[in-house]
Amino acid sequence: MTKVAIIGAGPCGLSMLRAFEQAEKKGEKIPEIVCFDKQDDWGGLWNYSWRTGSDQYGDPVPNSMYRYLWSNGPKECLEFADYSFDEHFGKPIPSFPPREVLYDYILGRVKKGSLKDKVKFNHTVTNTLFDGEKFEVTYRDKKNNQTSKDIFDYVVVSTGHFSVPFIPEYPGMKSFPGRIMHSHDFRDAEEFRGKNVIVLGSSYSAEDVALQCHKYGAKSVTIGYRHNPMGFKWPKGMKEVYHLDRLEGNKAIFKDGHEQEADAVILCTGYLHHFPFLSENLKLQTHNRLYPPKLYKGVVWENNHKLMYLGMQDQFHTFNMFDCQAWFARDVIMGKITIPSETDIKNDINKWVSMEEKLENPDQMIDFQTEYTKELHSLSDYPKIDFELIRKNFKEWEHHKVEDIMTYRNKSFSSPVTGSIGPVHHTPWETAMDDSLKTFLNK
Ligand SMILES: Cc1cc2nc3c(=O)[nH]c(=O)nc-3n(C[C@H](O)[C@H](O)[C@H](O)COP(=O)(O)OP(=O)(O)OC[C@H]3O[C@@H](n4cnc5c(N)ncnc54)[C@H](O)[C@@H]3O)c2cc1C
Ligand SMILES: NC(=O)c1ccc[n+]([C@@H]2O[C@H](COP(=O)([O-])OP(=O)(O)OC[C@H]3O[C@@H](n4cnc5c(N)ncnc54)[C@H](OP(=O)(O)O)[C@@H]3O)[C@@H](O)[C@H]2O)c1
């Protein structure tokens, strides 16, 4: 019997489990599956952890989520085609849910069956070798401190790529009297109430961590971008300046001459694709981009078609794209999709990579990832979902952010699955301090 290892039970790993479950429900004979996750429960980043640094077994904490995180895109862009928000919550809910609500939704469809039995929690995959025919996967049972090996025909890497922080160094850091941290370790903006905070970066973490600090009462928030500013209309108390040059004492000095007293520096400088558990010849090497090379259809490792990667792209689309990838991977594993010749694979990858390299603005990037997801969708029986509406929702969302970065989360969108419209939330995001599921859904 074919045996498949799924490494990681975050949203991508859960998509993979769900894909197999759906095939089985249709009466198809599915392979034997073992899913490993080094955390004690499933949900990946959405399984919030207060911990930073190492866990109780000495493993680095993979989690990068913080308290008070709200979805930064409309939920109508990430909805599962086979499990709508309306079905899960029994009623339409607002378009920008906090973490706990999305976590509940992600788990809803996998909790119903017996999928959890397929996951070995507190098990870290430490090594994966390929002998030309099969994979040897080594894993550590963290609780019992026991290492074992097993043989698999296929390996699916769904370990995420927002867990290992990229941490640059700037002059003056060693003698800075305040706190320096990466967004990976950011948990609670309350810590920065009344403080002067420097945020470095110009992507989603920089944007949202800066906004969180402002929302929870930081005295000032200064964002230092390196290449391009985000350029939003920041509220009073926030500003965006050009590139940190150095720290001198407690002063941050930027390359545009701007100086700011600082109590804390938060490095929102992104993450590394890091796969210490794969042998060198199996490792994807990429930065955070929309089409990492060497992946056929963004999924199948070019040099070894028994190795799949899920969710390795930079992400506009998330959960339904992960599903499309998982359904595709499943059908490759089950022999329903034939992998073409080496030349065709190369041409296909090159086509996408060269298109990606020409993208100039967010609208084009949204189009690119929507086209990619649509193509994948057409290759499997993943249920119908309105990608044109998702494309439109994403573009409207981008424009809402440009109009007002403080209010974009108060807007409503319509569902690509049920067509229902997300009601306006009872409290505008800026003043909604209680992000619990209960308050979000009921108050
Ligand atoms: C701060 C932050 C906020 C985000 N907010 C949003 C948002 O609002 N909306 C959105 O759609 N997306 C958001 N994302 C994007 C996020 O990437 C996806 O939502 C999603 O979590 C990706 O799923 P994944 O399964 O690829 O990875 P992850 O969620 O990272 O899950 C990977 C899993 O693999 C396990 N694992 C890793 N290595 C091993 C190993 N060697 N052995 C065993 N298990 C292993 C980990 O324990 C983890 O459970 C956010 C990301 C970050 C960092
Ligand atoms: N729900 C939410 O609200 C929320 C919040 C946070 C994060 N997220 C998600 O988390 C994921 C990761 O986002 P991310 O922003 O952490 O990573 P990212 O998108 O990869 O961005 C990394 C950023 O780091 C900057 N950078 C790198 N090195 C730097 C340096 N030496 N000095 C200054 N800046 C530097 C980059 O700037 P250059 O452009 O100059 O290279 C870029 O802006 C995304 O999927 C995002 O959606 C979501």
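Under the classification rounded if a/c is under 1.5, otherwise prolate if a/b is larger than b/c and oblate if not, where does segment 241-293 fall, given a ≥ b ≥ c as square roots of the Cα gyration tensor eigenvalues?
It comes out prolate by the Cα gyration axes.
In segment 391-419, whose amide N lies under 20 Å from the spot 7 Å out along Cα-to-Cβ of THR431? List them in ranges.
404-412
Going Cα to Cα from LYS438, which lysines come in below 22 Å? Please leave out same-chain ones fewer than 8 positions away.
LYS75, LYS91, LYS111, LYS112, LYS215, LYS411
Grab every C-alpha pair in segment 299-340, bin the distances at 5 angstrom width from 0 up to the longest one, and report whole percents.
Reading the bins upward from 0: 6, 24, 31, 22, 13, 5.
Find the accessible area per residue for segment 357-408; the probe is 1.4 Å, ligands and nucleic acids are left out, and the unit is Å².
With the other protein chains kept in place, segment 357-408 gives 48 Å² per residue.
How much length, in nm to one decimal, is gained on full extension between ASN145 and ASN304, taken as 0.36 nm per residue of separation minus their Cα-Cα distance?
Computed gain between ASN145 and ASN304 is 54.1 nm.
Taking the highest mean first, how do the peptides 226-238, 76-88, 403-415 order by number of other beta carbon atoms within 10 angstrom per residue?
With the highest mean Cβ count within 10 Å placed first, the list reads 76-88, 403-415, 226-238.
What would the Debye formula give as log10 I(q)/I(0) at q = 0.12, 0.17, 0.21 Å⁻¹ for the alpha-carbon point model of segment 322-443, no solvent?
-0.67, -1.04, -1.24
Count of lysine pairs in segment 216-336 with Cα atoms under 27 Å apart, counting only pairs 8 or more residues apart in sequence or on different chains?
20
Got a number for carbon plus sulfur as a percent of segment 146-276's accessible area, 1.4 Å probe?
Carbon and sulfur together cover 48 percent of it.
Need one number: % antiparallel among DSSP beta bridges in the chain, to the nearest 5.
Taking every DSSP beta bridge within the chain, about 50 percent pair in antiparallel fashion.
Per residue, how many Å² of accessible area does segment 304-346 show with a 1.4 Å probe?
Dividing the accessible area of segment 304-346 by its residue count gives 30 Å².
Using bins 5 angstrom wide from zero, how does P(r) for segment 75-119 break down, in % of all Cα pairs?
The percentages, shortest bin first, are 5, 20, 34, 22, 12, 7, 2.
What does the accessible area per residue of segment 1-119 come to in Å², with a 1.4 Å probe and no ligands, DNA or RNA counted?
Values: 4270 Å² over 119 residues.
In whole numbers, segment 1-119 has 36 Å² accessible per residue.
Once you order the gyration tensor axes a ≥ b ≥ c over the Cα atoms, which shape class does segment 55-211 get: rounded for a/c under 1.5, otherwise prolate or oblate by comparing a/b with b/c?
Here segment 55-211 falls in the oblate category.
Roughly how tilted is helix 362-378, in degrees to the nearest 10 and between 0 and 90, from the longest Cα axis of the chain?
Once rounded, the angle reads 20 degrees.
What is the sum of charges around VAL125, taking Lys and Arg as +1, Asp and Glu as -1, for the other residues whose C-beta is under 14 Å from the C-beta of VAL125?
+1
Which order, highest average first, do 340-346, 243-249 follow once you tally other Cβ atoms within 10 Å for each residue and take the mean per peptide?
Going by the mean number of other Cβ atoms within 10 Å, highest first, we get 243-249, 340-346.
Assuming a viscosity of 0.890 mPa s and a temperature of 25 °C, what translational diffusion coefficient in µm² per second does Stokes-Einstein assign to the chain, Rh being the Kirkwood radius over Cα pairs?
For these conditions, the coefficient is 107 µm²/s.
Between beta-carbons, use under 15 Å as the cut-off and find the net charge around PHE192, counting Lys and Arg +1, Asp and Glu -1.
0
Helix 204-215 against the longest principal axis of the chain: what's the angle in degrees, Cα atoms only, rounded to the nearest 10?
So the helix axis and the longest Cα principal axis differ by about 40 degrees.
Can you give me the Kirkwood hydrodynamic radius for segment 152-301, using every pair of distinct Cα atoms, in Å to one decimal? Present the calculation step by step, with values, prior to reporting the outcome.
Values: mean 1/r = 0.0592 Å⁻¹.
The Cα-based Kirkwood calculation yields 16.9 Å.
Please report, as a whole percent, how much of the solvent-accessible surface of segment 343-401 comes from carbon and sulfur atoms (probe radius 1.4 Å). Please report the intermediate quantities before stating the final value.
Numbers: 1570 of 2920 Å².
It is 54 percent, rounded to a whole number.
Of the listed peptides 382-391, 141-150, 128-137, 34-43, what is their order by residue-averaged count of other C-beta atoms within 10 Å, with the highest listed first?
Numbers: 382-391: 18.4, 141-150: 12.1, 128-137: 15.0, 34-43: 21.4.
So the order, starting with the most tightly packed, is 34-43, 382-391, 128-137, 141-150.
Angle between the Cα long axis of helix 319-333 and the longest principal axis of the chain, 0 to 90 degrees, nearest 10?
In the chain, helix 319-333 runs at an angle near 20 degrees to the longest axis.
At q = 0.22, 0.27 Å⁻¹, what is the log10 ratio I(q)/I(0) for segment 63-141, with the Debye formula run over Cα points and no solvent?
-1.03, -1.26
Provide the net charge surrounding LEU310, with neighbours chosen by a C-beta distance below 13 Å and charges set as Lys +1, Arg +1, Asp -1, Glu -1.
On the way: positive: ARG18, LYS297, ARG330; negative: ASP323.
Result for the local shell: +2.
The values are calculated or read from the model by the stated rules, or taken from the named source; none is laboratory data. In this text, all values refer to a predicted model and were calculated from it rather than measured experimentally. In this analysis, Cβ positions are derived from the backbone assuming ideal geometry, glycine residues included, and neighbour counts consider all displayed protein chains. Remember, those area values only see protein heavy atoms, side chains included, never the ligands or the DNA or RNA. Shrake-Rupley method; radii C 1.70, N 1.55, O 1.52, S 1.80 Å.
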